[in-house]
Structures are given as structure tokens and as C-alpha cells.
DNA sequence: CGGACGGGTCGGCCGGCGCCGAACCGTGCC
DNA sequence: GGCACGGTTCGGCGCCGGCCGACCCGTCCG
């Protein structure tokens, strides 16, 4: 407003909220779209409850988080999909580390996340990209002039129990690209991306694992493959059984 | 890619680049899409050249800026459209200031920017939103399933000297919404938004003013109105009082 | 060839902020 | 009622980083 709509000070102030290791880890944890208590976040980040409390107050005050108090608990979650997108975009600009370096133990956990996870409220990882690509192949989505849902796609979605009309309300885009961290290719976000993920969970085709991880159920694999017109093998999970966490 | 896609530390490190008033103002200045010299940015931000030099080194190192050295000058610009989008998105999340408060002098400069300006490399401000709306009205763009360019739109664009096919290269989205700071409504970004802005400049319909400001030329007003199917009065610039400069 | 100028480096000052522990408050449970 | 527990506030410590001035380097120009 002073000079050009937004001045450096206010922009810096907002960025400063994310410029702290602890607050940043809070936001990344909250990317799963769920509400966390202050204590959970404190433990996850490895800081004292008092420290976490202070950070949360700032994040809420800055508009990035909203809180909901229940009894003696303070639940916080991201203020909305646009904040989630902001964090995602920011994370996407982190320069690639010089050394991929991962421990054996972290590798298996990382592989599970690379296969399938939630990205705020929609599917991501290899599975998310596969779904995205299949929707394009089937003509549900079209990319000739920007990403868009086709009329045929509306009917197809209704067939699997995802009515589109209710999704058009609000200012959230119906479909949106979201660059996948691990695949470096786009997967489907937006209101439809969220609705599709929720539907798959409802149908029991996928279930939530630890953290943001998503697992394909035994029944879900063939069902999803059939619905998307894919060979069942195309949805094969990572190397081996995803359970079987390293000896720990 | 690292452990869990992105950890708090690296995200915080990236955000820290934008969490400084001086660096943030650099980035905002560079949103005009042009390359600035280190000295220009230093003067614009009101810091010593040595200070600016240090900041620029960090921004380049962090991947947000790219530099180009010519003789004794160091030119820097944003590393790409995605960085511009990131800054825009971040700026869009700045909580509304308690007091709009602008001085009389700043008001006139602000009014010019509110009317028309560049947003990295595409049109923004009231003019940008008008163009965006007109393209939807004419059926060049379609929003029934996400923002998309229509087949009819491709032909229409060819008619005004904007071939679409070359724009499909690269990973930049063809069309994309960009929330306008002043209008609080979307204008057109993406490769097409940039191409359209460049074409209007080429045709002499609009010219660059000071900074990011854009002015409609005497010839450009009627030409643009005719092309977009608008009444010439609809494009009236701010000086000649339009219907309500802003909110009262 | 020498001076002017853009820019980079170094050293030092100083303010801001992230952290914790201790004390306090309210909730919920036994 | 009493205790455990989640969360908050406060004071204080320590460090990181933003800033400048002074000095140095390279380019451009007369």
C-alpha cells in the first residue's frame, strides 16, 4: 500500500513466520490437513511446550494457522488450501541438496512416502501422479488449454460417486496442478483433487498410514486400476512389502 | 527427496531469504520481470551497496535470483516465472493492514498502479482484470472446469498476432489465475498472459511507465476496446475520474 | 595512464529472536 | 477435593544476522 501494493516489510514479516526451523516443521506437519495439538507439534519438532506455544501464537496471528480450542487442548490447522499451496510451492523451490544421502532406515520410510501420500488433502506421490495421468488418458481432464475438467469427466466422476457441482462453490479452483516433490511432475490438486482423495478413502481403496503416508488396500488396487483403466501391475507398491519397517 | 521430501530446516532456510525487509523489497522490485543492477536495487531499498551485494549473493545462491555480469555491472533478475508466482502468492497472504492510510502524493502514484501495471510479465491491475473478464466473455477462455483456453480462443489469438502453439513448450502453464492485489479478483497469468502483454506492448497499445506502471496509449484505448468487444469508456484510465476510484 | 565508478570483502557493532526453565492457570480424572 | 496434565506467561541467556564504513579490485573513459 505504501509504494506498490505490498511493501518489503510486510512481505518479510510473513516470510519470517516460515523462516524458522521449528515453525517450518510445524507447517510441514500440518500439511496432512489434520488438526494437531500444541503438544503433539512440540514433541514432533523437539522443542519445549512453551516454545511451541509461542510459535503457534505467531502463526495464528499471522493468518497461516487457525486454532480451535477444546477443553484444555489447543488444536491448530492450516488456515486453508491456499496456505497449503503456498507451503508446497515454497518447498518446491528448495534447492536440491548436494548429497541425496539417506540412511538405510530413512530410505524405507521415504520409499513409502514416495509411493503414496497426502499433499494437504489430495493424493500425491507416484500414485497421485498415476491417477493424474490416467484421468488425462481417459479424457476426464484435458490439458490442451490449461488443465480443465471435461463434460465427459463430469459424468465419469458422477459414476464413481463424486458429484462435481457442489465443488464449484467457494473460490477454490476446481482443478489445479501441484508439482509433486518426488516425481517432479504434476498431480491433481484443487477441490476435485481433494474430493477424489476423500472418495477413495471412503471406498476403502486407500487408507491412511503413519503421518502423511497412504497405503493401497488389497481390494483397492484392482478396483482403482479397473476404474482408471490401468493394468493392476501399474499400481504396484514400492520395492517389497511396505510394512516391514527396518529392524528398529 | 531428502528424508521426508522436505524438512523444516531447508524450508526455513528458503523462507529466510524472503524474511528480510531489504531482500523482500528486492524481490518485489524484480517482479517487473526486468534485470536490475546491484546499485539500482541498493538505492531503491535505501541500503549501502555493500549491504545489497551481500543480499544479492544470498538470493542468487538460494536459487531465487539469477545473475548476469556485464562489464562492471551485476544484473540480477528473478530465476523464473515460478519464483515470481511464489512471491506473488506470498504477497497475497499478507494479512490486510489495519489502516489503508496513504498520503495524498502516494495516492496518485498508487492509483496509476492500481489501474494498470505488470505482474512479473503479464498485465495486472484494473486493466488486467478487464482483459481477463473480456476474454471470458468472448469465449476465448473458459472456466466451467478450471481455467482453460478454448479452441475458438486459439483462432482469436492468432487473429491478433499471438500464435499459441509456441507457448505450449516448456513446463510453464499456458493459462493460470493470478490473484490481483488491488482488485482482489483474478487476472490472466501463465505463458499466454505473458505473450498477450508482450503483444500489446509490441502493438503500442500500452507502454511502460515508471517502475511497473503501464499506461494505455491514445491509439491503444480504442484498439483494445474494439478487439475485446468493450465500450471505449470501459477502459477509461484513472486521471479522468472513472466511476469510483476505489472503496470510499 | 590516471581518475571515476560499480561492485565485493572484511571487521565490528548491535538489535532481534529463538530457546529454555520456572511459575501459573484451567481442565479433566480419580 | 486433590492431583496430573496441557497450555501459557515471563525473564533471561546466547547466537545469528543485518547494517555500515573502510579498503580493495576491476572496468570504463578521458
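Quick notes
- The one condition in (1) within 11 Å of DNA strand D (Cβ to nearest atom); (2) buried (at least 20 other Cβ atoms within 10 Å of the Cβ); (3) within 24 Å of residue A:119 (Cβ to Cβ) that residue A:8 fails to fulfil: (3)
- Residue A:81 falls short on exactly one of the conditions (1) more than 11 Å from every other protein chain (Cβ to nearest Cβ); (2) surrounded by fewer than 17 Cβ atoms within 10 Å (Cβ to Cβ); (3) over 20 Å from residue B:18 (Cβ atoms), and that condition is (2).
- Between B:121, B:32, B:133, the distinction of being outside the structural domain of residue B:222 (by TED's automatic domain parsing), away from DNA strand C (no atom under 16 Å from the Cβ) and either within 30 Å of residue B:199 (Cα to Cα) or modelled with pLDDT of 90 or more (or both) belongs to B:32 only.
- Failed item, numbered, when residue A:63 is tested on (1) within 14 Å of DNA strand D (Cβ to nearest atom); (2) at positive phi: (1)
- Flag set for residue A:21, criterion: more than 30 Å from residue B:32 (Cα to Cα) and within 7 Å of another protein chain (Cβ to nearest Cβ).
- Leading residue by the ranking (surrounded by the most Cβ atoms within 10 Å (Cβ to Cβ)) among those in the stretch B:165-179 that are more than 9 Å from every other protein chain (Cβ to nearest Cβ), farther than 12 Å from residue A:145 by Cβ and modelled with pLDDT of 75 or more: B:178
- Here residue B:62 meets each of (1) within 12 Å of DNA strand C (Cβ to nearest atom); (2) out of contact with any strand residue (DSSP E or B) (no Cβ under 9 Å at 6 or more places or on another chain); (3) at the interface with chain A (Cβ under 10 Å from one of its Cβ atoms) with one exception, condition (1).
- Verdict on residue A:57 being within 12 Å of DNA strand C (Cβ to nearest atom), part of a helix (DSSP H, G or I) and within 13 Å of another protein chain (Cβ to nearest Cβ): no
- Hits in the stretch B:24-54 - residues which are within 14 Å of another protein chain (Cβ to nearest Cβ), within 12 Å of DNA strand D (Cβ to nearest atom) and assigned to a loop (DSSP other than H, G, I, E, B): B:46, B:47
The values are calculated or read from the model by the stated rules, or taken from the named source; none is laboratory data. These numbers were taken from a predicted model, which means no experiment stands behind them. Backbone-built Cβ (ideal geometry, glycine too); neighbour counts: all protein chains shown.
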